[in-house]
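Inspection log for the structure reproduced underneath, given as structure tokens.
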Amino acid sequence: SPSRTGAGHVHTMEASLSRYASLFVKLASSNEGWEKISEKSGVQLFQKAEEGKPPINKGVGIVNKPPKEVLAYVRLHTNRKEWDTFYADHKIVREIEPGFKTILSMRSKGQFGVWPREFLLFTAVKEFEDGTIVAFGTSDVPADVAVDEPVPEGHVRGHVLISGFVIQPIDGQPDKCLLSNLVQVDVGGWIPGAVVNRVNTEQPYGIIAIRKALTGSEV
């Protein structure tokens, strides 16, 4: 069936790419409505409430690598196991533009007797003229690249509203960047509140593991 935006309009891949990339930049750049939850190893964790939806969680920290090097690392889904503690595995359902536009089936680990989750995602990368890069995923798969992918046996399909990174250059410091990790997920079905809270807090802190993978240091 056609994929639709929150506004209920059928959209194309290019329209989706533009819409979500702009949304990510806005969420990364704005302080309005965000509550600071905690801080660890120089990474700050924020949360933003949205009526009728799960909260948006945002981790923000500096990585001592240029934006393009950070992109090269985070856009490779095989690297996800190094920074996402909930990741189990993934399957490429459709490769639209290798490494830059893909339909994925992403699977997470089951926890505390809870069935593992699976998410069908459109993932893409967009670079802006100012050097900002967005690498994102969403279950809002565009109509013109939609696929009919069954839910894997023993899994519950969740819905990723947004998940991904905004990589922003820092003026005068070309070997560094500001990395924001944004996550908003409807896990589908019941999950204990403690597990939901763990997902909300741990995944944005994946920036610390990304730093370690790229620089050898968590700070």
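The values are calculated or read from the model by the stated rules, or taken from the named source; none is laboratory data. Please read these numbers as outputs of a predicted model, since none were measured by experiment. Cβ sites come from the backbone with ideal geometry, for glycine too, and all protein chains shown count toward neighbours. Calculation scope for accessible area: heavy atoms of the full protein, side chains included, ligands and nucleic acids excluded. Shrake-Rupley method; radii C 1.70, N 1.55, O 1.52, S 1.80 Å.
Selection of first residues in the stretch 1-29 that are at negative phi and at pLDDT below 55 and of second residues that are assigned to a helix (DSSP H, G or I) and charged (D, E, K, R), restricted to Cβ pairs under 8 Å at least 6 apart or on distinct chains, gives the following pairs, ordered by first then second residue: Thr5/Arg19.
When the stretch 93-116 is filtered for residues that are closer than 18 Å to Asp144 by Cβ and touching a residue at least 12 places away in the same chain (Cβ under 8 Å), the ones remaining, listed by number, are Val93, Arg94, Ile96, Phe100, Lys101, Thr102, Ile103, Leu104.
Could you list all residues from the stretch 51-67 that are open to solvent by less than 60 Å² (accessible area, probe 1.4 Å) and not aliphatic (A, V, I, L, M)?
Restricting attention to the stretch 51-67, the residues satisfying the condition of being open to solvent by less than 60 Å² (accessible area, probe 1.4 Å) are 54-61, 63, 65-67.
Pro54, Pro55, Asn57, Lys58, Gly59, Gly61, Lys65, Pro66, Pro67, listed by residue number.
Annotation: Cys177 fulfils all but one of (1) surrounded by 21 or more Cβ atoms within 10 Å (Cβ to Cβ); (2) in contact with a His (Cβ under 8 Å, 6 or more places away or on another chain); the unmet one is (2). Just name the residue that is least open to solvent (accessible area, probe 1.4 Å) out of those in the stretch 113-161 that are in contact with a strand residue (DSSP E or B) (Cβ under 6 Å, 6 or more places away or on another chain) and acidic (Asp, Glu). Ranking the qualifying residues of the stretch 113-161, first place goes to Glu118. Being assigned to a helix (DSSP H, G or I) and within 14 Å of the chain's Cα centre (by Cα) is a property that Lys68 lacks. For the stretch 87-104, check the following and say yes or no: at least one residue is within 14 Å of the chain's Cα centre (by Cα), assigned to a helix (DSSP H, G or I) and surrounded by 16 or more Cβ atoms within 10 Å (Cβ to Cβ). So far as the stretch 87-104 goes, no, none of its residues is within 14 Å of the chain's Cα centre (by Cα), assigned to a helix (DSSP H, G or I) and surrounded by 16 or more Cβ atoms within 10 Å (Cβ to Cβ). Can Ile210 be described as modelled with pLDDT of 95 or more and either under 20 Å from Leu23 (Cα atoms) or surrounded by fewer than 18 Cβ atoms within 10 Å (Cβ to Cβ) (or both)? No: the conditions fail for Ile210. Of all residues in the stretch 23-41, those satisfying the criterion of being among the hydroxyl-bearing types (Ser, Thr, Tyr) and either under 20 Å from Ile208 (Cα atoms) or open to solvent by 60 Å² or more (accessible area, probe 1.4 Å) (or both) are Ser29, Ser38, Ser41.
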